[in-house]
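Notes for the one structure printed next.
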Amino acid sequence: MSINNQLLQLVRKHYSIIIILLLALVLRLFALYEYGLNLTLNSDDVGYTKSARVLIQTGMLTYHQIGEPTVHIMPGQSFLLALVFLIFGFEEVGLYAARVVISLFGITSILFVYLIGKYVFNKCTGLIAAFLLAIFVPQILTDNLLLTESPFMAGMYVLLYCSLKLANERKWSYFFGVIFSYLLCLMFRPTIALYPLVLLIYLLLKKYPLKMMLKQFLIALVLLLIVLGPWWIRNYIHYHEFIPLSGGTGNPLLLGTYQGSGYRYGEPYDDVIKKINKEHPNISAYENMNLQKEAAIDRIKLWWKSDPKSFLRSYTIDKTIKQWNTSFYWKEIFGVKIELMQKIHKLTMVLATISMTLSIFLYKRSLSENVLLFGILAYFTVLNNIFFAFDRYNQPLMSIWFLFIGSIISYFSQKTKSIFRLRS
């Protein structure tokens, strides 16, 4: 059989997902064409761009200040952008190329969301979830910004897919897929670090052989040491202490103490920052973060001592609502107003919550897989509640809700078709 015939058969077999992927690519490229380089948050996206340029020019990973080695971020995004800039240059061509690369990560996420939906539920579920992600306006926006969300999201869904395949098929290729994607995610966001605990629960539910699990754990540990070892050495050289991932948790932890309801105390956030900067004017960004962490811990202790009920409510219910109540959509594109998008988001979350509940009962054969999907949502929700509840941190998780929505639409669609067939 010729290569052309093989490609034709492949297209015919997978034409539905290919159309969705092409639609997603067109929408993202059209956004890039329509808004160009003006589509920016003037925030972390600019910070990562500057970091990549300095990395090429000096060989030093920086973020806040040029000439100061940073541990505020993981190196993934800066190295990714630096690679693109090395090929295409620093100017407009390089910036456009970088956005195209980020969009391709977005397309990868859509593909693996489809594969996960197809594997856990059915093909229809995968197609619905992929389609929803393809046209989800906040995600189209995010895939045009030079942020960590899109690369991290792609890595996370590869990780999730390989985890599912590993638990059910127990092939070494999927184990290495898990390790590769996990390490890739770590390079962009340290929040994935405790994912192995979620995976462990899933593997135990699937009665994964303990002997094989132990052997693979030891191999994973060695690979982790090999990959992260240079990062640890580099951090120790600059700061003379062991920094396993990033050192930027102080600010999110401090900001998190100003969220919630109930007891109000202490100085305003801006005053705390000004006080630290005034009393310690010549310290590094990392040392500044540690002082913010100390201030946050003091505030947490005082809050707990003064009003434990409001503390518990704030760090569980209030923050959970805060981070899931809105969608990360700061710039309007395609004429979609922010107010309309937030209404759509709230409707989506109601439908998704109902769908997830129904899915547990309607897809009993996929109960363990449902536990894994819910476990991912719960893990990141709890983690964000500890620090700063922010809708941007949950952007990569929206596709899991789309999977639950797709599973219920697919289920009732099939039931409706069965009823009509019986009547005819």
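Rule-based calculations on the coordinates, nothing more; no lab input. Bear in mind the structure is a predicted one, so any value in this text is a computation, not a measurement. All Cβ positions, even for glycine, are placed from backbone atoms using ideal geometry, and neighbour counts span all protein chains on display.
Side notes on the structure shown:
- Descending semi-axes in whole angstrom, ellipsoid equivalent of the range 148-259, from the Cα gyration tensor: 28, 18, 13
- Equivalent ellipsoid semi-axes - Cα gyration tensor, the range 16-423, angstrom: 35, 26, 24
- Label point at LEU255 placed 7 Å out along Cα→Cβ; residues across the range 19-58 whose backbone nitrogen lies under 15 Å: 41-48
- Part-to-part distance (alpha-carbon centres) for the range 183-222 and the range 276-338, which is given in Å: 29 Å
- Computed from backbone phi, the HN-Hα couplings of the range 297-304 come to 4, 4, 5, 5, 4, 5, 4, 4 Hz, rounded to whole numbers (Karplus: 6.51 cos²θ - 1.76 cosθ + 1.60, θ = phi - 60°; Gly and Pro given as x).
- Per-residue 3J(HN,Hα) values for the range 336-353, derived from phi via the Karplus relation 6.51 cos²θ - 1.76 cosθ + 1.60 with θ = phi - 60°, read 7, 6, 4, 4, 5, 5, 5, 5, 4, 4, 4, 4, 4, 5, 5, 5, 5, 5 Hz in sequence order (x marks Gly and Pro).
- Taken along its three principal axes, the alpha carbon spread of the range 78-133 comes to 44, 17, 13 Å, from the longest extent down to the shortest.
- Around the Cα centre of the range 236-373, unit charges on the Cβ atoms of Lys, Arg, Asp and Glu (plus for the first two, minus for the last two) sum to a dipole of about 580 debye.
- Of the residues VAL137, ILE66, THR125, the one whose Cα sits farthest towards the positive end of the charge dipole of the range 30-140 is THR125 (charges of +1 on Lys and Arg Cβ, -1 on Asp and Glu Cβ, taken about the Cα centre).
- The chain, relative contact order [Cα under 8 Å, separation at least 6], %: 19 percent
- Taking the charge dipole of the chain about its Cα centre, with +1 at Lys and Arg Cβ atoms and -1 at Asp and Glu Cβ atoms, the residue from ASN251, VAL227, TYR161 reaching farthest to the positive side is TYR161.
- Cα gyration tensor category, rounded, prolate or oblate, for the range 81-225 with a/c compared to 1.5: oblate
- Cut-off under 5 Å, modelled amide H: who pairs with THR62 long-range: LEU55, THR70
- Ranked by the mean number of other Cβ atoms within 10 Å per residue, highest first, peptides 392-399, 137-144, 37-44, 197-204 order as 137-144, 392-399, 197-204, 37-44.
- When +1 charges are put on Lys and Arg Cβ atoms and -1 charges on Asp and Glu Cβ atoms, the dipole computed for the chain relative to its Cα centre reaches about 2080 debye.
- The HN-Hα couplings worked out from phi for the range 87-93 by the Karplus form 6.51 cos²θ - 1.76 cosθ + 1.60 (θ = phi - 60°) are 7, 10, x, 8, 7, 4, 4 Hz, whole numbers, x standing for Gly and Pro.
- Taking a ≥ b ≥ c as the square roots of the eigenvalues of the Cα gyration tensor, the range 202-284 is classed as oblate, since a/c reaches at least 1.5 and a/b does not exceed b/c.
- Rounded tilt (10° steps) of 44-58 against the dominant C-alpha axis of the chain: 70 degrees
- Shape category assigned to the range 176-322 from the gyration tensor of Cα positions, a/c cut at 1.5: oblate
- Degrees separating the helix 15-35 axis from the principal Cα axis of the chain, which is the longest one: 40 degrees
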